[in-house]
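Working notes, structure below.
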Amino acid sequence: MAMAARIENGIVREVLVVDNDKLFDGGKFTTKGEKSLNTYMHSIGLDGDWKLTSYNSKFRGRYAGKGFTYDPELDEFIAPEQNGIEEEDPNA
């Protein structure tokens with residue numbers, strides 16, 4: 001299963017599971033894989049900018065969560081801060 005984060009104004013609004021069979025090359029972390037993710041999500045009425053995220057934190061720094069920030073220059077998800085301290089990644 002692929003994990004997909006919907007980004008709006010740089011903030012993760014939701015994270016959904018997507019069947020690998022719906023994505024190019026089984027949803028691998030590639031440009032074509034991510035393009036196919038956006039095409040599929042839009043085709044089922046889920047508009048927005050979708051990014052693949054890794055439950056095992058294998059890419060994009062960590063697994064995305066609702067309220068996280070997406071930094072396009074770093075191509076990473078950044079956890080929100082609580083009391084001035086960035087949240088720990090439970091999968092790290």
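Each reported figure results from applying straightforward, stated rules to the coordinates on display, with no laboratory input. Everything numeric here is computed off the predicted structure, so don't read it as measured data. Neighbour counts run over all protein chains shown; Cβ positions are idealised from the backbone, glycine included.
Pairs of Cα atoms under 8 Å, at least six residues apart: use those to get the relative contact order of the chain, whole percent.
Values: 172 pairs, mean separation 24.2, N = 92.
With pairs under 8 Å counted, the relative contact order is 26 percent.
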Note to self: I need the calculated FRET efficiency for the pair Lys66 and Lys28, taking r as the beta carbon distance and R₀ as 30 Å, to the nearest 0.05.
What the structure shows: 0.80
Next item on the list: Starting at the first residue of segment 70-78, write each ³J(HN,Hα) from the Karplus equation 6.51 cos²θ - 1.76 cosθ + 1.60 with θ = phi - 60°, in whole Hz, x for Gly and Pro.
Entry: 9, 9, x, 5, 7, 6, 9, 8, 10
Item checked: Amide H within-cut-off set for Phe59, under 5 Å, with H built and near neighbours excluded -> Ser54
Next item on the list: On a 0 to 90° scale, report how tilted helix 31-43 is relative to the longest principal axis of the chain, with both axes built from alpha carbons and the result rounded to the nearest 10.
Entry: 80
Check: Add -39500 (n - 2.57) for each DSSP H run of 4 or more in the chain, then divide by its residues: what number comes out at 222 nm, to the nearest 500 deg cm²/dmol?
Finding: -4500 deg cm²/dmol
Margin query: Could you order the peptides 34-45, 50-61 from most to least packed, using the average number of other C-beta atoms within 10 Å per residue?
Written below: 50-61, 34-45
Margin query: Taking P(r) over Cα pairs in 5 Å bins from 0, in percent straight from the coordinates, which label in (1) 3, 15, 25, 26, 17, 8, 3, 1, 0; (2) 2, 12, 20, 19, 12, 8, 7, 6, 5, 5, 3, 2, 0; (3) 2, 11, 20, 21, 17, 14, 10, 4, 1 is the correct one?
Written below: (1)
